[in-house]
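The values are calculated or read from the model by the stated rules, or taken from the named source; none is laboratory data. Computed from a prediction, not measured in an experiment: that's the story for all the values here. Cβ placement follows ideal geometry from the backbone for every residue including glycine, while neighbour counts extend to all protein chains displayed. In case anyone asks, the SASA skips ligands and DNA or RNA and just uses the protein heavy atoms, side chains included. Shrake-Rupley method; radii C 1.70, N 1.55, O 1.52, S 1.80 Å.
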Amino acid sequence: MELTDYWKIVRAHWLAMVAITCAGAVLGLGWALIQPKEYTADASGIVSAGVSSDLGTAMAGENYAKSRVVSYLDLAESRAVAESVVQELGLTESPESLIGQVTVTNPADTATIRVSARADTPENARDLAEAWVGAIGDQVTEVENANATEGEQSIVTFQSLDSAKLPTSPSSPNTKLAVGIGALAGLVAAIGYALLRNIFDRRIRSTAEVESQTDHAVIGTIPLHQGFTADNRIITSSGGNDRDARSSDEYAVAEAIRELRTNLQFMNIDNPPRSIVVTSSLPGEGKSTVTANLAATIAASGRRVVVIDGDLRRPMVAKTFGLLPGIGLTDVLIGEAQLSDVMQPWGDTGNLFVLGAGKVPPNPSELLGSNVLHELITELTAHAVVLIDAPPLLPVTDAAILTARTDGAIIIARARKTTYDALKAALRSLDRVHGRALGIILNGVPMKGAKADGYGYQYRAYYGKAQEQPAAAEGAPRHAAAGDAPQTRRAMRASR
């Protein structure tokens, strides 16, 4: 993976990463709040070896005191000192537990002993530190004068340097440190989460990955359009500059469909496909919507198009075009109707005809594999481009059967929904019947934000925005509006 790949992962999962990091910081804060508060007070004392006005003697005494202070460290943490403190302060703790509340250190190259005492209140910490220093002095005096004769006294003494100050804030827990550690742990967990999601997320995320995973070309990408409903799935944008603020998404879909139309025309210049199956790996990926809009776009270019509803299990074509249901392909296949009787025109171009599914049969696979249907498709392709809306490939074999009897199939995959495993399985089902996959279309592609990485729509933002046109001068002829486009096209055809 390159650095840009990691950036895409972060952009795709930044919201979850922020949430996990914040959760780590909150957990750190919560841990700090439930911990008992502890206060620390410091006190110190110094070991001295007599007083002398002679410089050499004074230096020797100082060196001797430094050597002696090292041996007093063990004495300062002894049980005897702890017992003395317990008696002085009237504490109920045992000497052993009291020793655990005190830390005794000797700063480097000094004759000083520093005592840090911890307690649950500032006052207790201060009193414990001062009492401990005093108890150390008593024990040092006792040890140094243990063998002294009457009237003699050791030159080594231990005296307090300063009294302990009252702590103003708890030394533990360190709330800032706990929050920082929690946030850092949350960030590490967030990075791990994003990487694991990227590794185990098998949904389609870019055109390049689709082509590398399947070895098939992506011949079109159709942006996400939230305006499609169950009763309105056909775009009304006629191209050119007919976009406005309300139809920018629809305009983008129209441009993508026109690009798909161009790609199909130049797929094989000498022998372009005339009968095309439109299918998907699983339901809900938008194949019927793409079929209807592609047919309308091809018809708008002046070519004849016939749409056949090859989904004899859950037909959708008649509903998508708003035509009369219940009559269509099955009536022709079983000889109950003629093709001219059930094929319905649609639109104002005069080039688009729709053949619905008709009655739902009990044996759809047998009807779709019949010679009658093959002859019907052959007859239609002599005069028009035939688009067949077929069922998904994975649940049933109908689409594979149709593909084997046509020029090929285009497979619709839903961006960030269809998985590579499902798409590969669909392609394998075509290979088993020696069907030809013409290419893959990515539907529902996001146009902006982190989810748009890998699809290329960020480069089309300029042409996806409407611009205000200068007002026409008074008396100037009015240009044809978007609603006048059908009349204009009819007039142009009449003039030709």
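Only helices (runs of 4 or more DSSP H) whose full extent lies in region 231-329 are considered here, and the ones with at least 2 residues that are modelled with pLDDT of 90 or more and among the charged types (D, E, K, R) are 248-265.
Residues ALA131, ALA208, ALA194: which one is surrounded by 19 or more Cβ atoms within 10 Å (Cβ to Cβ) and under 30 Å from ASN443 (Cα atoms)? Break it down stepwise before answering.
On the way: ALA131 fails: under 30 Å from ASN443 (Cα atoms); ALA208 fails: surrounded by 19 or more Cβ atoms within 10 Å (Cβ to Cβ).
Step by step, each of ALA131, ALA208, ALA194 is checked, and only ALA194 is surrounded by 19 or more Cβ atoms within 10 Å (Cβ to Cβ) and under 30 Å from ASN443 (Cα atoms).
If you go through region 112-128 and pick out every residue that is over 55 Å from the mean Cα position of the chain (by Cα) and surrounded by fewer than 24 Cβ atoms within 10 Å (Cβ to Cβ), you end up with 2. In region 417-425, the count of residues that are open to solvent by 10 Å² or more (accessible area, probe 1.4 Å), more than 26 Å from HIS225 (Cβ to Cβ) and in a loop (DSSP other than H, G, I, E, B) is zero.
Taking the listed residues ILE219, ILE191, ILE204, the one that is under 18 Å from ARG428 (Cα atoms) and modelled with pLDDT of 85 or more is ILE204, with no other qualifying.
Any chance you could count how many residues in region 295-313 are within 10 Å of ALA390 (Cα to Cα) and surrounded by fewer than 24 Cβ atoms within 10 Å (Cβ to Cβ)? Show your work before the answer.
First, the residues of region 295-313 that are within 10 Å of ALA390 (Cα to Cα): 308-313.
Checking which are surrounded by fewer than 24 Cβ atoms within 10 Å (Cβ to Cβ) leaves us with 313.
Total satisfying the criteria: 1.
Looking only at region 92-108, decide whether some residue is among the hydrophobic types (A, V, I, L, M, F, W, C), modelled with pLDDT under 90, open to solvent by 40 Å² or more (accessible area, probe 1.4 Å) and farther than 27 Å from GLU144 by Cα. No, there is no match, as no residue in region 92-108 is among the hydrophobic types (A, V, I, L, M, F, W, C), modelled with pLDDT under 90, open to solvent by 40 Å² or more (accessible area, probe 1.4 Å) and farther than 27 Å from GLU144 by Cα.
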